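Below is one structure, written out as structure tokens, with a few remarks after it.
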Amino acid sequence: MKFGVVISEGPYTHQAADTAYHFVRAALAKGHEVPRVFFYHDGVNVSTRLSVPPQDERHIQKNWTALAKEHGIDLVVCIAAAQRRGLLDENEAGRQGKDADNIAEGFRISGLGQLIEMGIQTDRLVTFGD
Amino acid sequence: MSTLHTVNKSPFTNTGLQSCLDHCKDGDAVLMIEDGVYGALAETVMAERVAGRIGAVSLYVLLPDAAARGLAEKRMLNGIAGVDYEGFVDLVADHDRTLAWL
Amino acid sequence: MSYQVNGHTVEHDEEGYITNLADWNKELALEIARTENIEMDDERWEVVNFLRDYYEEYQIAPAVRVLIKAIKKSMGPEKGNNKYMYELFPYGPAKQACKIAGLPKPTGCV
Amino acid sequence: MSEIKKFLYVNRKAPYGTIYALESLEVVLIGAAFDQDVSLAFLDDGVFQLTRGQDTGALGVKNFSPTFRALGDYDVTKLFVERESLDERGLSEADLQEIMYEDEDDGWAEKPSIRIVSRAEMADLMADQDVVLSF
């Protein structure tokens, strides 16, 4: 079965990104497909490659990047939510005249249409948030 | 045709669980995750309302979240089943849609 | 980056959208249109004014199809169509007309 | 994309204190381009999103309540509001802003988009969806 996943709360403050991670791993282990995870609201903050948690804590962004690489998951960060919160890829940084970008490997910035498309193309949609 | 409802808030600070119980239909399932697991406790001001739906609605608690909070199964209401993440996945697959009470 | 209008400086972003929406006036609209190589005439003002009224009422810049539908309703089918809109604003009514009307940049979400 | 799915947007949070109400509306506006069967549900504190007389001037925050009135232009015409949620908050239908849409198939006749429903009807609506997005 195809699962779409929405993460709508920020990392470390809220458990949503962790619960979603364990859920997606379990779904993949059971033979389901997770073609896309969509990050919205403060969930977009998962995608910054500049976070440096202490060594004895899980690294939420790196965990997602690794899982996505291993299983070909499309990690989509909402552009409108990302722009408000200062998350930019190289392309957007240039378009907006900013001097830096901060999106981690494996994540891509795109539109809210990707969320709707995920709802249309998957069998189940599960939301993790606050 | 049935729905899996997820509740992730403590019922003592948020009306999510109450609203969920008011809207779920017979045959639906409710899974308590994150701080929502406190809704599974017996002998609370919420317990009667939760227990009142057991049977008509299947109630579940996500065990890793309960364990993290030191919530032993013997403290929980009878009739609430524990699941791990694999069980969570099965619940999503077995119901037609998932509704998150955020 | 800025437009110069009547001795005033009005900031804009990389793509020419004004930074502070309150800075808009008709002279500024003419200046933005000039940089877009668009000659403002009655037909173009009609669209720009329509966009400003729409934003004032609903607090959003309408999607192109919504704009065309709304213009079709208020001004008739000969104006409410894609062809007419792109004749007036060759690079797209959402992009160019919104910029001239001083509306926020369309988020381009789809 | 020939398949049409039933999408329900569940709004349970008040506006301005958090961004969820605004960013929910942004999804609805973008999602409208996908020609799906869209309904919006307002229950619990979500009913506060639709009240009349919102004035955010002193906050320096955008007042997005007028944008609900544009939803008809986007062919989003089904806004379900739960009666019990209104009652519990001391509100009635008269406290909500009027949201109309023009029915193109009926000579642009103006019709109300807001439908007040009971809690049981809201539960039926939720049980009749393909995709539920919660805000």
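Indicate the gyration tensor shape class of segment A:1-73 (rounded, prolate or oblate), computed on the Cα atoms with a ≥ b ≥ c the square roots of the eigenvalues: a/c under 1.5 is rounded; otherwise a/b larger than b/c is prolate and the rest oblate. In terms of gyration-tensor shape, prolate. Going down the list C:Lys72/C:Lys95; C:Lys69/D:Lys13; C:Lys26/C:Lys83, which pairs span over 24 Å between their C-alpha atoms? Correct reply: C:Lys69/D:Lys13; C:Lys26/C:Lys83.
Specify the residue with the greatest mean-square fluctuation among C:Ala22, C:Ala33, C:Ala61, computed from a Gaussian network of chain C linking alpha-carbon atoms under 10 Å apart. Maximum among the listed residues: C:Ala22.
Given R0 = 25 Å, the distance between the Cβ atoms of C:Trp45 and A:Arg95 translates into a calculated FRET efficiency of 0.30.
Only protein heavy atoms count here; on that basis, with a 1.4 Å probe, A:Met1 has an accessible area of about 90 Å².
All Cα-Cα distances of segment D:1-59, cut into 10 Å bins from zero to the largest, leave 20, 46, 25, 8, 1 percent in each bin in turn. Find which of D:Leu91, B:Gly27, D:Ser134 sits farthest along the positive direction of the dipole of the protein assembly as shown, computed with +1 on the beta-carbon of Lys and Arg, -1 on that of Asp and Glu, about the Cα centre. Result: B:Gly27. Per residue, segment A:2-128 exposes 40 Å² of solvent-accessible protein surface, assessed with a 1.4 angstrom probe and all protein chains in place.
Among the trypsin sites (Lys or Arg not before Pro) in segment D:45-94, those located in a DSSP loop and surrounded by at most 15 other Cβ atoms within 10 Å of their own Cβ are D:Arg52, D:Lys62, D:Arg89. The solvent-accessible area of C:Val64, taken with every protein chain present and a 1.4 Å probe, is close to 40 Å². Comparing each chain alone with all protein chains together (probe 1.4 Å, DNA, RNA and ligands left out), the residues of segment A:101-130 losing at least 50 Å² of accessible area are A:Leu112, A:Ile116, A:Ile120, A:Arg124, A:Leu125, A:Thr127, A:Asp130.
In segment D:93-107, which residues have a backbone nitrogen under 14 Å from the label point lying 7 Å from D:Ile4's Cα in the Cα-to-Cβ direction? Inside the label zone: D:105.
When only alpha carbons are used to place a centre, segment B:52-102 and segment D:50-104 end up 35 Å from one another. Per residue, the accessible area of chain C comes to 52 Å², computed with a 1.4 Å probe over protein heavy atoms only. The ratio of the alpha-carbon radius of gyration of segment B:10-54 to the globular-protein estimate 2.2 N^0.38 Å is 1.05. The convex hull around the C-alpha trace of segment C:2-101, projected and averaged over every direction, spans 6.1 square nanometres. Across the protein chains, with a 1.4 Å probe defining accessible surface, the residues A:Trp64, C:Trp24 rank C:Trp24, A:Trp64 from largest area downward. How big is the gap, in Å, between the Cα center of segment A:59-130 and the Cα center of segment C:13-40? Taking the Cα centre of segment C:13-40 as reference, the centre of segment A:59-130 is 32 Å away. Between the residues D:Leu22, D:Leu40, B:Ala67, the greatest Cα displacement towards the positive end of the dipole of the protein assembly as shown, with unit charges on the Cβ of Lys, Arg, Asp and Glu, is found for B:Ala67.
Leaving out ligands, DNA and RNA, what percent of the accessible area of segment C:2-101 is carbon and sulfur, probe 1.4 Å? The value for segment C:2-101 is 47 percent carbon and sulfur by accessible area.
Between amide H atoms placed 1.01 Å from N, distances below 5 Å from B:Lys9 occur with B:Gly36, all of them 5 or more places distant or on a separate chain. Pair-distance distribution P(r) for segment D:6-134, from all Cα-Cα distances in 10 Å bins starting at 0: 12, 45, 36, 7, 0 percent. Here the dipole of the protein assembly as shown is about 700 debye; that uses its Cα centre as origin and unit charges on the Cβ of Lys and Arg (positive) and Asp and Glu (negative).
Average 1/r across all pairs of distinct alpha carbons in segment B:43-84, invert it, and you get the Kirkwood radius: 10.9 Å.
Legend: mean number of C-beta atoms from other chains within 10 angstrom of residue C-beta atoms, peptide B:85-94, equals 6. For the pair D:Asn63 and D:Met100, a Förster radius of 22 Å applied to the C-beta separation gives a FRET efficiency near 0.70, rounded to the nearest 0.05.
The simple spin-label model puts a point 7 Å past each Cα toward its Cβ; for B:Met1 and D:Glu93 those points are separated by 2.6 nm. Taking every protein chain into account, the accessible area of segment D:1-78 amounts to 38 square angstrom per residue (probe 1.4 Å). Summed over both chains, the area buried between B and A is near 1600 Å², taken from the accessible surface of protein heavy atoms with a 1.4 Å probe. Normalising by residue count, segment B:3-101 has a Cα convex hull of 81 Å³ per residue. Calculate log10 I(q)/I(0) of the protein assembly as shown for q = 0.05, 0.12 Å⁻¹, where I(q) comes from the Debye formula with a single equal point scatterer on each Cα and nothing for solvent. At q = 0.05, 0.12 Å⁻¹ the computed log10 ratios are -0.21, -1.12. Checking the a/c ratio against 1.5 first, then a/b against b/c, what shape does the Cα gyration tensor give for segment A:2-128? Oblate, because a/c is 1.5 or more while a/b does not exceed b/c. Put simply, when A:72-80, A:21-29 are sorted by average Cβ atoms within 10 angstrom per residue, most first, you get A:72-80, A:21-29. Take each peptide in C:1-7, B:64-70, count the other Cβ atoms within 10 Å of every residue, and average; sorted highest first, the result is B:64-70, C:1-7. Take the accessible area of chain A alone and of chain D alone, subtract that of the pair, and you get about 1700 Å² summed over both chains, using a 1.4 Å probe.
The values are calculated or read from the model by the stated rules, or taken from the named source; none is laboratory data. What you see is a predicted model; the values in this text were computed from it and never measured. Neighbour counts run over all protein chains shown; Cβ positions are idealised from the backbone, glycine included. With ligands, DNA and RNA removed, areas are computed over all heavy atoms of the protein, side chains included. Shrake-Rupley method; radii C 1.70, N 1.55, O 1.52, S 1.80 Å.
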